[in-house]
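**Q** Quick one: the structure is below, questions incoming.
The values are calculated or read from the model by the stated rules, or taken from the named source; none is laboratory data. Keep in mind that this is a model prediction, so the values were computed, not measured. Don't worry about glycine lacking a Cβ; one is built from the backbone with ideal geometry, like all the others, and counts go over all protein chains shown.
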Amino acid sequence: MTETLEPKPEETTEKTEQTPEGELPVQPETGEAPADAAAEGEAPIQPETSESPAAEEAPVLGEAEGGTPTEPPKPPLFRRVMGFLFNPETRLGRGMRAAVRIAGVTVGLLALGFLAAVLLLWRPSQQSLERTQAQLTDTQAQLSQAQEQAASLETQLTAARADRDQAQSLAARGQTRAQVLKVLYAVTTARMALERRDGQMAHKSLEDAQAQLNESLPSLQALSPADAERIASRLDLARSELPRDPATAATDLEILDRWLLELEAALQ
């Protein structure tokens, strides 16, 4: 009998690797994870190397082109100057920082002082000025009202003065009229005495008429100088003619009587 030898299956030892998700089988020869594990989202394990791929692949800037390595860009001038002035590692930078702090505190104190001055000094002065302006406006209004009242009183005073002057004029005219009536009475008495042929009575009456005319002559001249002049002349003429020619004196007295009546009527 012949025995048939069947080939034995190759024994394969599966290597496993411990991962956070559990043990992951590794292929025996390549050490790579199965494809189904990569399909499920599990990261394949890479073989350990001494250098990273980025280090191997990233060329140095400027070396790929065969040139010299380029320096990094310099910061702006202002930034460099500020960094130099305020560098905390240098004595100048520390001094500048202290000076800026002192300046900031000084400016803050000045601002607070200005605010306090505004609140304590300027605002009360402004309120006082506003009150003074309000008082000045009120005073001006009162002054305008007083001026209006003074103008009204002046108008009334002017009217009163006009009334007084008119009253004085009327009183003077009345007084002059009374004096004219006295002269007229004396002249009429002299005419009646001449009609009775009483020369002595006529002479006495003409003397009375002259006395009354002398008393009223200033007011007559103020009212009508022409009338005052002609009445005085006619009375003098009658007095001078009475002793020589009583008839002519009687005619003169008649004319004088008519003038006195006209003047008395004008003075009413």
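**Q** Suppose we filter segment 58-76 for residues that are at pLDDT 65 or above and either of a type in the set (S, T, N, Q) or exposed (fewer than 10 other Cβ atoms within 10 Å of the Cβ) (or both); how many remain? Write out each step before concluding.
**A** As a first pass, look at segment 58-76 and keep what is at pLDDT 65 or above: 70-76.
Those left that are additionally either of a type in the set (S, T, N, Q) or exposed (fewer than 10 other Cβ atoms within 10 Å of the Cβ) (or both): 70-74, 76.
Residues in segment 58-76 being at pLDDT 65 or above and either of a type in the set (S, T, N, Q) or exposed (fewer than 10 other Cβ atoms within 10 Å of the Cβ) (or both): 6 in total.
**Q** Considering each of Ala250, Ala209, Ala222, Ala238 in turn, give the residue that is touching an Asp or Glu at 6+ places or on another chain (Cβ under 7 Å), in a helix (DSSP H, G or I) and either crowded, with 17+ Cβ neighbours inside 10 Å or in contact (Cβ under 8 Å) with a residue 12 or more places away in the chain (or both). Spell out the reasoning first.
**A** Details: Ala250 fails: touching an Asp or Glu at 6+ places or on another chain (Cβ under 7 Å); Ala209 fails: touching an Asp or Glu at 6+ places or on another chain (Cβ under 7 Å); Ala222 fails: touching an Asp or Glu at 6+ places or on another chain (Cβ under 7 Å).
One residue alone meets the criteria, Ala238.
**Q** Separate question: For Lys182, all conditions in the list (1) under 60 Å from the mean Cα position of the chain (by Cα); (2) of a type in the set (Lys, Arg); (3) surrounded by 13 or more Cβ atoms within 10 Å (Cβ to Cβ) hold save one; what is the number of the exception?
**A** (1)
**Q** Something else about it: Which of the residues belonging to segment 68-109 are assigned to a loop (DSSP other than H, G, I, E, B) and not polar (S, T, N, Q)?
**A** Our first condition is that a residue be assigned to a loop (DSSP other than H, G, I, E, B); within segment 68-109, this holds for 68-76, 86-90.
Within segment 68-109, Pro69, Glu71, Pro72, Pro73, Lys74, Pro75, Pro76, Phe86, Pro88, Glu89 qualify.
**Q** Let me ask you something else. For segment 77-101, how many residues are exposed (fewer than 10 other Cβ atoms within 10 Å of the Cβ) and modelled with pLDDT of 80 or more? Give the steps one after another, and end with the answer.
**A** Initially, segment 77-101 is screened for residues exposed (fewer than 10 other Cβ atoms within 10 Å of the Cβ), giving 77-78, 88-89, 91.
Those left that are additionally modelled with pLDDT of 80 or more: 88-89, 91.
Qualifying residue count, segment 77-101: 3.
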